[in-house]
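Notes to accompany the following structure.
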């Protein structure tokens, strides 16, 4: 009876031992190559051969539209609002006094060597986030919001997402972002939501509304920083 018990124990243990041998112990001396199979990388690692963006649902599309068009604007979401101009004093009313601010002048149309017009770009620093405004040099008190950045989990972003959460949480809300192309094959720490279809045009046919949301992630897949920028279209 004791001998039968030993035989049964060996028979039951053999699959377990075989499974243990496939766990890449270099002393196992396996020759079937099973130990050399590399685990599949998470989707947000942006490996060219395996990256796939599944279709987004209507709810994800709606949330992304509201989120992308609604960053750093106190009014209700909408493409017409993205071309709004406001007084510097109104900006302070909405966001409060900044911790600090800095300004610089840049060419309004750098592609046109004959256009000497300048714009004033101002960065406003607040606890956990910063915003960037632009203004014509000829009228620096009238500004528009050009971009922003959030780097603290205490800053509310709405739609159930925050800096500090897993990229999986963002993907559930808005769908998977695209890998941000940079250093070949991809930039390993950036993912982006981009939209160029929502825009409004002024009387001079200058259009605005293409936006980009970039997410910077760490090695564990946690979002550590979010940037938003408004891209003008002419």
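The table below gives the values:
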quantity	calculated
Test set (1) closer than 24 Å to residue 215 by Cα; (2) free of Cβ contacts under 8 Å to residues at least 40 places away in the same chain - residue 104 fails condition number	(1)
Positions within the stretch 114-130 being farther than 15 Å from residue 104 by Cβ and either in contact with a helix residue (DSSP H, G or I) (Cβ under 9 Å, 6 or more places away or on another chain) or at pLDDT 90 or above (or both), in sequence order	126, 127, 128, 129
Scan of the stretch 48-71 for residues that are surrounded by fewer than 15 Cβ atoms within 10 Å (Cβ to Cβ) and at pLDDT below 80, ordered by number	48, 49, 50, 52, 53
Hits in the stretch 117-149 - residues which are within 30 Å of residue 162 (Cβ to Cβ), assigned to a loop (DSSP other than H, G, I, E, B) and touching a strand residue (DSSP E or B) at 6+ places or on another chain (Cβ under 7 Å)	128
Residues that are surrounded by fewer than 18 Cβ atoms within 10 Å (Cβ to Cβ) and under 16 Å from residue 226 (Cα atoms), drawn from the stretch 124-140	125, 127, 128
Selection from the stretch 87-116 of residues that are closer than 16 Å to residue 136 by Cα and assigned to a loop (DSSP other than H, G, I, E, B)	108, 109, 110, 115, 116
Selection from the stretch 218-232 of residues that are surrounded by 13 or more Cβ atoms within 10 Å (Cβ to Cβ) and either under 16 Å from residue 152 (Cβ atoms) or modelled with pLDDT under 50 (or both)	222, 223, 224, 225, 226, 227, 228
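The values are calculated or read from the model by the stated rules, or taken from the named source; none is laboratory data. Just so we're clear, the structure is a prediction, and the values are computed from it rather than from any experiment. Every residue, glycine as well, gets a Cβ built from its backbone with ideal geometry; the counts of neighbours run over all protein chains shown.
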